[in-house]
Amino acid sequence: MGGRIKLLPEYLANQIAAGEVVQRPASVVKELMENAVDAGAKHIKLIVKDGGKTLIQVIDDGTGMDETDARMAFERHATSKISSTEDLFNIRTKGFRGEALASVASVAHVEMRTKPAGSDLGTLIRIEGGKVVLQEPVQTPVGTNIAVKNLFFNVPARRKFLKSPQVEMRHVIDEFQRIALAYPELAFTLIHNGNEVYHLYPGNLYQRITAVFGKKMGDRLLPLEQETDYVRISGYTGKPEFAKLRRGEQFFFVNKRFVKSPYLHKAVMDAYGGLIGERKIPSYFIFFDIDPQHVDVNIHPTKTEIKFDDEATVYNLLRATVRHALGKFDQMPSLDFEGGILPDFRPAKPGKTYTEPSVQVSPSFNPFTEGTDKPFDKPSRKEIDRFTGFVSAANDFPSGEADNPLAVFDDTENDTGDASFQWADKYIVTYVRDGLLLVHQYRAHVSVLYEEFLQELKQGSVPSQLLMFPWETDYLPAELELLEKHRKVLEKSGIRFEIDGEVFRITAAPTGFDNRHLKRFMDELLAQLSEEIPAGEDDLNKYLALRLAQASAIGTGQTLSKDEQQKLLARLFSLENPRYAPDGKKNFITLSENEINNRFL
Ligand code: ADP
Ligand code: MG
């Protein structure tokens, strides 16, 4: 049994990415929990005090170690997980460097109790600053119980560098979550300062995600799955409308190892394309299963960076897989009626349809008496084209025109003959085959303009127009300097300006721009410029397009003629993705006939 752990031969030790892995309590948590996973534990318990500054303890029910191995485990380059260069290219365990326990023991007080199956007694080892101060037999269950106290007690500079317990705990929780998500089939417990933070039962990935991030998260995810000879991709990705402005739950696991990869992240973002707002980030939990021969994990000592031997294939496959998941979602019935409203939408045709309602008007109909006259019963429902049915209901409204809330349908002075109307000066209400469509006019307009501005920006710059009355405002010298520095960016967006002492004067603005919004546009742009200017050309264009669109769009509270309503709808629905505004908010909602009928029950 003993002697499983061997010292790595020097040549092999030298091939392993060198570097310190112990930076903060969370790094210890990661190393200890990974060791427990590698030891085949079914239940892993993490106990932490003061964000790990005082205590980090991991208790597992894995294989445990005999006396010899217990001692060997703390030697540098001592591991049971690899023994040849070949092994380095076929790694299935979390660890392989044989350095973690040695590193941890050299900068902390460590106490380990461990026992393999079949032994009566286990081993207790106490090490302080790398020196074994006690080793003796001990009563202990099968498995390993390792406690790390007073991290960096002998490296004051490091200890001082640690953040508050809350901040350190945040990092600890991050590491705990990563491992808990990678191994939903195992049970995990996390206790901080005596309080149970997590008690996770074995289950599937979906159950684990909701156990860790809450039930709500479950409703926000779309499953994804794809398998090729090279790699299997599986997991969940967030519904577009739940994407957030801040980074949150973004997880990639390669062979159950949490990895960070800006490259893969980009593939996911690419797949979301226009589905989510500018600068928003979706949640995702994406797993790659791949023959270890195709991945290099020996790039960085913490092993959170990896490299596939065929990066481009993984990128493309990932993007396609996420797109597919999103595409499926797009066809899901939750939003659409039978057949889906998007493919069926036609901008309303000029319609005799509504001037000649197929439902007969009953002049005697009074909604307040349950009379015998039931005008809606007359033509059989089958005869009523759904569209005309709806419109005629408006025409059938029995009281005087002035009282008719839907009288707008009788408004023939603006005769495009199209069945839409504006409500609350905010929404355009129109119909689709199976119900009503309520379009948020401001967002719809932003979406349409965004695409147009983006096109113009991509081609160079937004056309601008001289202002008859230049717009002037005062800025601080530092702000003026910033604006001057980014003159090109402003000119790209169609803004020409002069700086005259402390006066900032805009002489030309983008064509069609609502100049009442110049101030807001400038203030927001300034705020952005002082923070960071989107680095890539692409990001900058998108950013400017969004700001320009927001500043130029018709607001809520603005009355639209029917013609304007129709044009806006037609433009909106000619977009590739009419559903969401560039900031990720909904452009429209639908009310199916069923939903409406149900409200009348
Ligand atoms: P590595 O994990 O890279 O091999 P470590 O320093 O983390 O290096 O651990 C050294 C060795 O100690 C491991 O290879 C393993 O054999 C043994 N070991 C560490 N932790 C455990 C544990 N919780 N249960 C059983 N064996 C362990
Ligand atoms: Mg290890």
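Output the Kirkwood hydrodynamic radius of segment 444-513, Cα pairs only, in Å rounded to one decimal.
12.9 Å
Excluding same-chain residues fewer than 8 positions from K426, which lysines have a Cα within less than 21 Å of its Cα?
Of all the lysines, those that pass the test against K426 - Cα under 21 Å, at least 8 places apart if same chain - are K562, K567, K585, K586.
Carbon and sulfur atoms: what percent of the 1.4 Å accessible area of segment 10-203 do they account for? Please report the intermediate quantities before stating the final value.
Working: 4290 of 8450 Å².
The nonpolar share, carbon plus sulfur, comes to 51 percent.
Over all directions, what mean area does the Cα convex hull of segment 10-203 project, stated in square nanometres? Present the calculation step by step, with values, prior to reporting the outcome.
Details: hull surface 44.2 nm².
If I average the Cα hull's projected area over directions, I get 11.0 nm².
Taking only protein heavy atoms into account and a 1.4 Å probe, give the accessible area per residue of segment 10-203 in Å². Each step should come with its number before you reach the end.
Details: 8450 Å² over 194 residues.
Ligands and nucleic acids excluded, the result is 44 Å² per residue.
I need the calculated FRET efficiency for the pair S119 and E241, taking r as the beta carbon distance and R₀ as 60 Å, to the nearest 0.05. Spell out each step's value before the answer.
On the way: r = 56 Å, r/R0 = 0.93.
The computed FRET efficiency comes out at 0.60.
Could you tell me the calculated FRET efficiency between D174 and K488, based on Cβ-Cβ distance and R0 = 56 angstrom, to the nearest 0.05? List each step's numbers first, then the result.
Working: r = 40 Å, r/R0 = 0.71.
According to the calculation, E is roughly 0.90.
Accessible area per residue of segment 485-601 at 1.4 Å probe, in Å²? Walk me through the intermediate numbers first.
On the way: 5770 Å² over 117 residues.
Heavy-atom accessible area per residue stands at 49 Å².
If we sort 206-216, 250-260 on the protection proxy, mean other Cβ atoms within 10 Å, highest first, what's the order? If you can, show how the numbers build up before the last one.
On the way: 206-216: 16.2, 250-260: 19.4.
Taking the mean over residues of other Cβ atoms within 10 Å, the ranking is 250-260, 206-216.
Counting only C-alpha contacts under 8 Å and six or more residues apart, can you give the relative contact order of segment 10-203 as a whole percent? It would help to have the intermediate numbers written out before the result.
Working: 416 pairs, mean separation 51.8, N = 194.
Relative contact order, segment 10-203: 27 percent.
Which ³J(HN,Hα) values, rounded to whole Hz and listed in residue order, are derived for segment 518-525 from phi using the Karplus coefficients 6.51, -1.76 and 1.60 in 6.51 cos²θ - 1.76 cosθ + 1.60 with θ = phi - 60°, glycine and proline given as x?
Each residue's phi maps through the Karplus curve to give 4, 4, 4, 4, 5, 4, 5, 5 Hz.
Would you mind telling me the share, in percent, of accessible area of segment 207-328 contributed by carbon and sulfur at probe 1.4 angstrom?
Details: 2640 of 5460 Å².
Carbon and sulfur atoms account for 48 percent of the accessible area of segment 207-328.
Pairwise over distinct Cα atoms, reciprocal of the mean inverse distance: report the Kirkwood radius of segment 163-206 in Å, one decimal place.
Working: mean 1/r = 0.0897 Å⁻¹.
By the Kirkwood definition, the hydrodynamic radius is 11.1 Å.
So what are the ³J(HN,Hα) numbers for segment 556-573, from phi and the Karplus equation (6.51, -1.76, 1.60; θ = phi - 60°), rounded to whole Hz, Gly and Pro as x?
Once rounded to whole Hz, the list reads 6, x, 9, 7, 10, 6, 4, 4, 5, 4, 5, 5, 5, 4, 4, 5, 4, 7.
Leaving out ligands and nucleic acids, note down the accessible area per residue over segment 207-328 with a 1.4 angstrom probe, in whole Å². Write out the running numbers ahead of the final one.
Values: 5460 Å² over 122 residues.
Normalised by residue count, the accessible surface of segment 207-328 is 45 Å².
The values are calculated or read from the model by the stated rules, or taken from the named source; none is laboratory data. Predicted, not measured: the structure shown is a model, and the values here were computed from it. Every residue, glycine among them, receives a Cβ derived from its backbone with ideal geometry; neighbour counts consider all protein chains shown. Heavy atoms of the whole protein, side chains included, go into the accessibility calculation; ligands, DNA and RNA do not. Shrake-Rupley method; radii C 1.70, N 1.55, O 1.52, S 1.80 Å.
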